[in-house]
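Report on the structure given below.
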Amino acid sequence: MSKTFLEAVEARRSVYAISKESPVSDDKIKEIVEAAVLHSPTSFNSQSSRAVVLLGEQHDKLWDITAETLRKIVPTEQFEGTAQKLASFKAGYGSVLFFEDQAVVKNLQENFALYADNFPIWSNQSSGILQFVVWTAFSEAGLGASLQHYNPLIDDEVKETFGIPAEWKLIAQLPFGKTVTAPGPKEFQPIEDRVKVHK
């Protein structure tokens, strides 16, 4: 039985304990990401959002790159905790990399100069929407995931390793896999402090 949209929104959580298994096929994963990219809204219908799906050894390579990058800058006495965290992401089935095409953003800035300062902001908002759509759809498909941000530290090597166009700006990484341990209860601030209605 399919959930309502808001039930799906509620069910989406950060899942950190994931395994190298998937309850759905690689084709289904690709289908979800493609549908999300096609149908997630963008300002001025810019369609600036980009996504790269890494599976198997390519997924492992991403987190090896991240670990080696951080090893160079994190103090040795603090690296063990970082290494464990990165290993938990590598333990997953795959990762989605979210990018924004800066050539599109620059073109909009040139063609709509009045809003030039806003286009980078709107671009990030578009990416956030796409991230949420993919993450929620993955949750609906039975995949656990969490959103990570090791950019810009890993940007150059990621682009070189995976053949990413220079104009694509890395925004976030979403490691995913079969959920090993579900997240616990979530605490919420009083909703009346966060939502106001005026009639």
Which numbered condition ASP117 fails, given (1) over 29 Å from GLY177 (Cβ atoms); (2) among the acidic types (Asp, Glu); (3) in a helix (DSSP H, G or I) = (3)
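So which of PHE98, PHE162 is open to solvent by less than 10 Å² (accessible area, probe 1.4 Å), among the aromatic types (Phe, Trp, Tyr) and either within 25 Å of LEU70 (Cα to Cα) or in contact with a strand residue (DSSP E or B) (Cβ under 8 Å, 6 or more places away or on another chain) (or both)?
Just one listed residue meets the conditions, PHE98.
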Does ARG50 fit the bill of being touching a residue at least 60 places away in the same chain (Cβ under 8 Å) and open to solvent by 40 Å² or more (accessible area, probe 1.4 Å)?
-> yes
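Kindly provide the set of residues from the stretch 91-115 that are hydroxyl-bearing (Ser, Thr, Tyr) and in contact with a Gly (Cβ under 9 Å, 6 or more places away or on another chain), ordered by number. If you could, list the steps in order and put the result at the bottom.
Looking only at the stretch 91-115, we keep the residues that are hydroxyl-bearing (Ser, Thr, Tyr), and these are 93, 95, 115.
Selection gives TYR93 alone.
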Taking the stretch 179-199, which residues are closer than 21 Å to GLY56 by Cβ and open to solvent by 90 Å² or more (accessible area, probe 1.4 Å)?
-> VAL180
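Yes or no, residue by residue, for (1) among the aliphatic types (A, V, I, L, M); (2) at pLDDT 95 or above; (3) over 17 Å from ILE18 (Cβ atoms):
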site	(1), (2), (3)
VAL96	yes, yes, no
ASN111	no, yes, yes
PHE119	no, yes, yes
PHE138	no, yes, no
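The values are calculated or read from the model by the stated rules, or taken from the named source; none is laboratory data. Small disclaimer: the values here were computed from a predicted structure and weren't measured. Ideal geometry is used to build each Cβ from the backbone, glycine not excepted, and the neighbour counts take in all protein chains shown. Accessible surface areas use protein heavy atoms only, side chains included; no ligands, DNA or RNA. Shrake-Rupley method; radii C 1.70, N 1.55, O 1.52, S 1.80 Å.
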